[in-house]
1. Looking at ALA213, ALA281, which is the one that is surrounded by 14 or more Cβ atoms within 10 Å (Cβ to Cβ) and over 27 Å from GLY335 (Cβ atoms)?
2. Look through ARG163, ARG177, ARG133, ARG129 and report the one residue that is in contact with a Pro (Cβ under 8 Å, 6 or more places away or on another chain) and modelled with pLDDT under 90.
3. Hey, ARG241 hits all of (1) modelled with pLDDT of 95 or more; (2) touching a strand residue (DSSP E or B) at 6+ places or on another chain (Cβ under 9 Å); (3) farther than 15 Å from LEU328 by Cβ; (4) surrounded by fewer than 19 Cβ atoms within 10 Å (Cβ to Cβ) but one; which does it fall short on?
4. Determine whether the stretch 294-315 contains at least one residue that is in contact with a Ser or Thr (Cβ under 7 Å, 6 or more places away or on another chain) and in contact (Cβ under 8 Å) with a residue 12 or more places away in the chain.
5. Take residues that are on the phi < 0 side of the Ramachandran plot and loosely packed, with under 14 Cβ neighbours inside 10 Å and tell me which of the strands (runs of 3 or more DSSP E) falling wholly in the stretch 109-165 contain 3 or more.
6. Restricting to the stretch 141-199, name every residue that is free of Cβ contacts under 8 Å to residues at least 40 places away in the same chain and among the polar types (S, T, N, Q).
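The values are calculated or read from the model by the stated rules, or taken from the named source; none is laboratory data. Bear in mind the structure is a predicted one, so any value in this text is a computation, not a measurement. Cβ placement follows ideal geometry from the backbone for every residue including glycine, while neighbour counts extend to all protein chains displayed.
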Amino acid sequence: MAIIATARAVVLHSRERRLLARLELQEREGHFLSESPDIRQILRHAFAAATGILPISRFDLYRVDRMGRVDEVWTVLRPERGGPAEPIREVASPHQGERIDSGRLLELTATETQRSFAPRDLLSGGPDRRRLRLPLYSGDRLVAHLDLGSDEPIGDAQKAEIRALLAPLTASLNALRNWTIAITDELSGLASRRYFETRLSEEWVRRERYGGALAVAAFDLDHFKGVNDSLGHGAGDRAIRRFGEILRSVIRSSDLACRYGGEEFAVLFPETGATAAHPIAERIRSTLAEEPFEFERRSFRVTVSAGVADATLALDREDLLHRADKALYRAKADGRNRVMIATVENG
């Protein structure tokens, strides 16, 4: 029996070494944990590593925010005909915004040390199963929950390999969370001004090198000082928070919205000209105009003015922002609650 146990241990360690080697290669070649982590890239590599261990039938990831709520729901579908896996964000998931059930979480978690936790489904000696429910912890902080399904029963050796995979996956997700916090405006939930300007600089350089379209939209909430003065800063905060939600829901995944300062916002439209960006800005404007607000039983409305500028008219990225800003103030002068496009004449 001792000989059999030793042989099994050797096989297990060999598999762990092979898995770690694969992950190291993926990290070197694919930036598994990069300077500015990309959730899609992280999930692609994790899915590829998992399919090297199991015939994956289900790969669902639930990212958890600092308040213990489901922040994002992602699904990676098994690719057809050998194509690449593509992570899909389930925006309409019923679990979006759901608070994590602490009692249920304890059922899925095994305590290893006072500040170290592991998925109970990965403990050796348990029954072979086709589904793994895996809470992912960085220390004692829950980062995400991974739900894996397999076409075949999952044995102890495969559980050990999956567990080895979870360490770099959790580290990447935790780095993504920290990075997101660092570049996000807390009130609006949008990107910070500094990050926006960094991305604008990158997109300007890319356009100069390879060509392509680029546009920027500047937004300013109308009569915002009046909201703060008459209803209080709590009402103003509510308006900023909701406008951030509207921006995130309307813009595309390739676009970037930021809170530029106070009640000022900006959106970067890579590979998009002002003509194509204008309808998006108009949809943002009309959505806010139709939004009812209430604060301390008092109803109020908020509108926004916007200016859109095209990179073809600008000398540099600062000039692009300046032209968007001038178009914005033209919209203000013409009556507010409207979107103007910068032209050669007015910009």
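1. ALA213
2. None of the others qualify; the one that does is ARG129.
3. Of everything listed in (1) modelled with pLDDT of 95 or more; (2) touching a strand residue (DSSP E or B) at 6+ places or on another chain (Cβ under 9 Å); (3) farther than 15 Å from LEU328 by Cβ; (4) surrounded by fewer than 19 Cβ atoms within 10 Å (Cβ to Cβ), ARG241 misses just condition (2).
4. Step one: filter the stretch 294-315 for residues in contact with a Ser or Thr (Cβ under 7 Å, 6 or more places away or on another chain), giving none.
Checked the stretch 294-315: no residue is in contact with a Ser or Thr (Cβ under 7 Å, 6 or more places away or on another chain) and in contact (Cβ under 8 Å) with a residue 12 or more places away in the chain.
5. Passing ranges, in order: 109-113, 141-154.
6. THR170, ASN174, ASN178, THR180, THR184, THR198
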